[in-house]
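Student: One structure is given below, represented as structure tokens, and several questions about it will come after.
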Amino acid sequence: MGKSILKGLVGFLIAILILIYAFDLSYLVKAVRTIYLKGHTTAFIEDYTEFDNRIIKNNIPEPWPKHNNYNKSLEPKLLKDTNDKYGTAAYLVIKNDSILFENYYQNFRENSKTNSFSMAKSMVSAMLGKAIQEGHIKGLDTKVGDYIKTFRSGNAENLTVGDLASMASGSNWDESYKSPFSVTTKAYFYDDLGSVVENIKIKSTPGEKYKYLSGDTQILAMVLQKATGQNLSDYLSNSFWKPMGANHEALWQIDSEDFGLEKAYCCVASNAKDFARFGKLYKNHGYWNGKKILDSSFIAKSTKGRFKESPHYGYGWWIIPDYKGKHFFMMRGHLGQYVIVQPDDDLIIVRLGQKAAKKSKNDVFSADIYKYIDSAYSILDND
């Protein structure tokens, strides 16, 4: 009896494996191994250790200066409660380009690497701006089909790099993080990400309205790679990581060693202080210590909503048009990774952590974002 049950179980497992490979679902095996068997239901902030990565090299480190009142303020109760609730790993307040407050939690340290998730989209947008500035790409109206042949007919014929950066492709991408069968899940675990991208279909007219789709950034990354002749990690390193004096090398997840394509819509592993450098660059209109790195007009365009109906998203950057009378723009990741900028107050807020607050379908931003902002201003008031 026992042997019959065992044989039946083995047969069942073999049948499941045959079905997985027959329907090109082999990526699910990798998903189970790297995520689900480790007790997670979605990607987690240290999952970069489970994947192949490419190094983003730094050069001469440029440490952040400390504010005259560095860490003199006690952690506000609002911040402590929010950190405890959502598993914060790092929280920084940078005032006048100097660190006013910093703290690290859950055994994370200032140099601990964690996954950027979709904050990487803002970096890819910055690389688009750089590629335009350097003449690799003519402008935001450049057609994607000039670089990728599968986007040369039908609705795709009119798709531009600007449409991709502003999430206006009109594609059929399924932005579902927890469904094991969505293209987002497949892209995260599949060994040949390029083949996934080339199967994306443009179902509606591009450039007409905003819809957040990670596939847009991945298509844009493939354009950038072809236009610049560099992989994304090297281009990010040469264009930003080195010129901005990053303290440490970073890692960018790739699909596999065989294909070597960066997961552009996510997955740069770095630390809070080095992520914050993009906040400083954009706050200072593309200048770093007096040297122009990125065109100021591109930054201005990126940090304003492209469409009247969706003022919360520009070109790779999220926007809070008005919170307590102030305008914020930010990088934003899946589990509550934020680099939040308020340029008038010369303020940068960085939060990294395990999860974000849940939001309803009608909410653009989760409530924790406002709590991190309020906490920063509470610290400023005690400055």
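Student: With springs only between Cα atoms under 10 Å apart, run a GNM on the chain and tell me which of Y372, Y282, Y105 wobbles the most.
Tutor: Top of the fluctuation ranking is Y105.
Student: Next up: Quick one: go through the range 324-367 and flag any residue whose amide nitrogen is under 20 Å from the point 7 Å out along the Cα-to-Cβ line of N382.
Tutor: 347-352
Student: Over the chain, what is the relative contact order in percent, taking alpha-carbon pairs closer than 8 angstrom and at least six residues apart?
Tutor: The value is 24 percent.
Student: Also: Report the residue, chosen from V29, V124, V341, that carries the largest GNM mean-square fluctuation when the chain is represented by alpha-carbon nodes joined by springs under 10 Å.
Tutor: The residue that fluctuates most here is V29.
Student: I've got another one for you. Listing L352, L100 from the residue with the fewest other Cβ atoms within 10 Å to the one with the most, what is the order?
Tutor: Ranked by crowding around the Cβ, least crowded first: L100, L352.
Student: What is the order of Y36, Y104, fewest Cβ neighbours within 10 Å to most?
Tutor: By the 10 Å Cβ count, ascending: Y36, Y104.
Student: Report the calculated FRET efficiency for D97 and D363 (r = Cβ-Cβ distance, R0 = 25 Å), to the nearest 0.05.
Tutor: Efficiency, rounded to the nearest 0.05: 0.20.
Student: Another question, then. Note down the relative contact order for the range 170-289 as a percent, whole number, built from C-alpha pairs under 8 angstrom at least six residues apart.
Tutor: Over the range 170-289, the number comes to 24 percent.
Student: So what's the gap between the Cα centers of the range 344-374 and the range 265-325, to the nearest angstrom?
Tutor: Value for the Cα centre distance between the two parts: 15 Å.
Student: To the nearest 0.05, what FRET efficiency results for K326 and N199 with a Förster distance of 41 Å applied to their C-beta separation?
Tutor: FRET efficiency, K326 to N199: 0.45.
Student: Could you compute the net charge surrounding L37? Neighbours are other residues with a C-beta less than 13 Å from the C-beta of L37; K and R count +1, D and E count -1.
Tutor: +1
Student: Which whole-number percent gives the relative contact order of the range 220-324, counting Cα pairs below 8 Å spaced six or more residues apart?
Tutor: Rounded, it is 14 percent for the range 220-324.
Student: Specify the inter-centroid distance of the range 168-230 and the range 125-146, based on alpha-carbon positions, in whole Å.
Tutor: 18
Student: Expressed as a whole percent, how much of the Cα-Cα distance distribution for the range 250-368 exceeds 25 Å?
Tutor: 28
Student: Given the Cα-Cα distance of T49 and K85 and 0.36 nm per residue of separation, how much length would full extension add, in nm?
Tutor: Value of the extension gain: 10.4 nm.
Student: For every helix of n ≥ 4 consecutive DSSP H residues, a contribution of -39,500 (n - 2.57) applies; sum these over the chain, divide by its total residues, and give [θ] at 222 nm rounded to the nearest 500 deg cm²/dmol.
Tutor: -10000 deg cm²/dmol
Student: Follow-up question, since we're still on this one. Could you check the spin-label model distance between D141 and E208? Points 7 Å from the Cα along Cα→Cβ, value in nm.
Tutor: 2.0
Student: Where is the GNM fluctuation largest for the chain (alpha-carbon springs, 10 angstrom cutoff): S125, S297, S256?
Tutor: S297
Read-outs: derived from the displayed coordinates by stated rules, not from any lab. Every value quoted in this text rests on a predicted model; they were computed, and no experiment measured them. Glycine also receives a Cβ, built like all others from the backbone with ideal geometry; neighbour counts cover every protein chain displayed.
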